[in-house]
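Following: one structure in structure tokens, then a few remarks.
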Amino acid sequence: MKKIFAIISFACIILYILSCNNPASNQETNSSTDKELAEFINKIRAVDNHAHPNTIDPDDKGSDALPLDGLGAIELPARVRPESQTWLDASRALYGFKGDELNEKAMKDLEDIISNLMKQKDEGFPSWALDQANIEVMLANRITMGAGLAAPRFRWVSYVDALLFPLSTKAEAAVTPDHEKLFPLEDQLLKKYLADLNISKLPATLDEYLKQVVTATLEAQKKGGCIAIKFEAAYLRSLDFEKAEQQQASEVYAHYVNGGEPSHEKYKLLQDFIFYFIAREAGRLGMAVHIHSFPGAGNYFVAAGCDPLLLEPVFNDPDLRNTKFVLIHGGGTFAKHTSAMLWKPNVYADISLLTQLWTPDQLAVVLRDWLSQFPEKILFGTDAVAFGPALGWDMSAWIASTTGRQALTIALSGMIRDNEITLSRAKEIATMVLRTNAGNLYNLGLK
Ligand SMILES: [Zn+2]
């Protein structure tokens, strides 16, 4: 008997050695698996968690609460600069562009090709652009929606930072040259929100402000089709929102609502209180809370203030457990900290913008860390936005969709190769990231 076991064991060892010594056959299996996975991933009709599509109006006014072109010439990573190969690839894929480089003349030609197609497609142009990137639904982060951006292909994500700043922002704005340009835009947006509600003057008390302005605005946005609200607070202040007492916040509000400059400490306390209130209301209304978490953009951006770890007290607040939070741009270079925050039951992260700024290999490293732990919390996104007349959101959506799918393929292939998951589980995870995680989070009713 012992002898038979010895023979069987020996045979197993030989078979194992033979299989290890046959790298050619392993590689073949790997490459055919990779190919099958890549093809599968390219066919998934995606949900884009975060983007800034334009209407078909050439003078599209309602697009962005804090348009960054107002900041002047800012530093941009190489992959989104006009000379980047990615733009050339996109112009070829979308518009059959034939040239070898996007010089001034080529940009002009491309602009003509695009504007002709836009005229021809009219309100159908934005949906056509989604089809090119194989995106079924795009969450459009905009002040208002407009011509060509209709549901179900486009769903609205509003901006709510303006509600945090009912008092004079003069002192806050004086801190950096970027703040000087950005705070007046929030003042204008708050004025618009008040006008929408037919309110000509801010209410005298915080309690009235919360009811008549904050809740009323959020409810109107929800009624208008909004499925999530977005904070880009990191452009204006640190994300270190602390729980504040209503009494203290009310005193600050009442004291300065008719004028005067609150100290930074006092204003921060009021902003913090309003932030928690908005997050709670968003939970009540079933709207997710999107938070910009990425070290940029802007030449005076304070990178330390956008670290996802700063939001831990918010995520840990039992009163906010009905609110779903999404770390937009996944924290960027703070991706490891995002990984730590994914332990919270109500925290998600998207890969928008990373799909434009990073190479597929760079993004795959981060994705693999997140997907090996919390695959149901990761959302695909583009942050598609216009970089210039010929370099529109349509092209950046295509670039991000292509890069995102490549990165996903690399990350999941690696996990298959290391025997972490099977090919069929890899396909499941890819579908979750590109489509069903967002479908479930926002109840999109996808088929
Ligand atoms: Zn964005």
When residues of the stretch 296-320 are filtered for being touching a Leu at 6+ places or on another chain (Cβ under 7 Å) and in a helix (DSSP H, G or I), how many remain?
6
Exactly one of (1) hydrophobic (A, V, I, L, M, F, W, C); (2) modelled with pLDDT of 65 or more; (3) part of a helix (DSSP H, G or I) is unmet by residue 73. Its number?
(3)
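Being crowded, with 17+ Cβ neighbours inside 10 Å and of a type in the set (D, E, K, R) narrows it down to one of 211, 223, 230, 201, so name that one. Working first, answer last.
Working: 211 fails: crowded, with 17+ Cβ neighbours inside 10 Å; 223 fails: crowded, with 17+ Cβ neighbours inside 10 Å; 201 fails: crowded, with 17+ Cβ neighbours inside 10 Å.
Unique residue meeting the criteria: 230.
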If I ask for residues that are surrounded by 21 or more Cβ atoms within 10 Å (Cβ to Cβ), more than 25 Å from residue 280 (Cα to Cα) and more than 16 Å from the ligand (Cβ to nearest atom), which ones from the stretch 315-363 would you list?
334, 335, 363
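Scan the stretch 53-67 and tell me whether some residue there is aliphatic (A, V, I, L, M), surrounded by 18 or more Cβ atoms within 10 Å (Cβ to Cβ), modelled with pLDDT under 95 and within 15 Å of the ligand (Cβ to nearest atom). So that I can check it myself, show each step before the final result.
To start, the set of residues in the stretch 53-67 that are aliphatic (A, V, I, L, M) comprises 56, 65-66.
Within this subset, residues satisfying the condition of being surrounded by 18 or more Cβ atoms within 10 Å (Cβ to Cβ) are 65-66.
When the remaining residues are screened for being modelled with pLDDT under 95, the result is 65-66.
When the remaining residues are screened for being within 15 Å of the ligand (Cβ to nearest atom), the result is 65-66.
Checked against the condition, which is being aliphatic (A, V, I, L, M), surrounded by 18 or more Cβ atoms within 10 Å (Cβ to Cβ), modelled with pLDDT under 95 and within 15 Å of the ligand (Cβ to nearest atom), the stretch 53-67 yields at least one hit.
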Tally of residues being in contact with a Pro (Cβ under 6 Å, 6 or more places away or on another chain) and free of Cβ contacts under 8 Å to residues at least 40 places away in the same chain across the stretch 183-228:
1
For residue 228, are the conditions met, namely being within 16 Å of the ligand (Cβ to nearest atom), under 19 Å from residue 66 (Cβ atoms), under 18 Å from the mean Cα position of the chain (by Cα) and in a helix (DSSP H, G or I)?
no
Pull up the stretch 292-310, narrow it to residues that are among the aliphatic types (A, V, I, L, M) and in contact with a helix residue (DSSP H, G or I) (Cβ under 7 Å, 6 or more places away or on another chain), then point me to the one that is nearest to the ligand (Cβ to nearest atom).
297
Would you mind telling me which numbered condition in (1) among the aliphatic types (A, V, I, L, M); (2) touching an Asp or Glu at 6+ places or on another chain (Cβ under 8 Å); (3) surrounded by 14 or more Cβ atoms within 10 Å (Cβ to Cβ) residue 145 fails?
(2)
So for the stretch 349-364 (the condition being of a type in the set (Phe, Trp, Tyr), touching a residue at least 40 places away in the same chain (Cβ under 8 Å) and assigned to a loop (DSSP other than H, G, I, E, B)), does at least one residue qualify?
yes
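Looking for something in contact with a strand residue (DSSP E or B) (Cβ under 7 Å, 6 or more places away or on another chain), of a type outside the set (Ser, Thr, Tyr) and at pLDDT 95 or above - is there at least one such residue anywhere in the stretch 411-430? Steps first, answer last, please.
Within the stretch 411-430, the first condition is being in contact with a strand residue (DSSP E or B) (Cβ under 7 Å, 6 or more places away or on another chain), and the residues that meet it are none.
No: zero hits.
Return yes when residue 25 is polar (S, T, N, Q), within 16 Å of the ligand (Cβ to nearest atom) and either surrounded by 18 or more Cβ atoms within 10 Å (Cβ to Cβ) or modelled with pLDDT under 90 (or both) and no when it is not. Walk me through it before giving the result.
Details: polar (S, T, N, Q): yes; within 16 Å of the ligand (Cβ to nearest atom): no; either surrounded by 18 or more Cβ atoms within 10 Å (Cβ to Cβ) or modelled with pLDDT under 90 (or both): yes.
It is false that residue 25 is polar (S, T, N, Q), within 16 Å of the ligand (Cβ to nearest atom) and either surrounded by 18 or more Cβ atoms within 10 Å (Cβ to Cβ) or modelled with pLDDT under 90 (or both).
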Please specify each residue of the stretch 365-380 satisfying the condition of being away from the ligand (no atom under 16 Å from the Cβ) and part of a strand (DSSP E or B).
378
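The values are calculated or read from the model by the stated rules, or taken from the named source; none is laboratory data. The shown structure was predicted, so the numbers you read here are calculated from the model rather than taken from an experiment. Cβ sites come from the backbone with ideal geometry, for glycine too, and all protein chains shown count toward neighbours.
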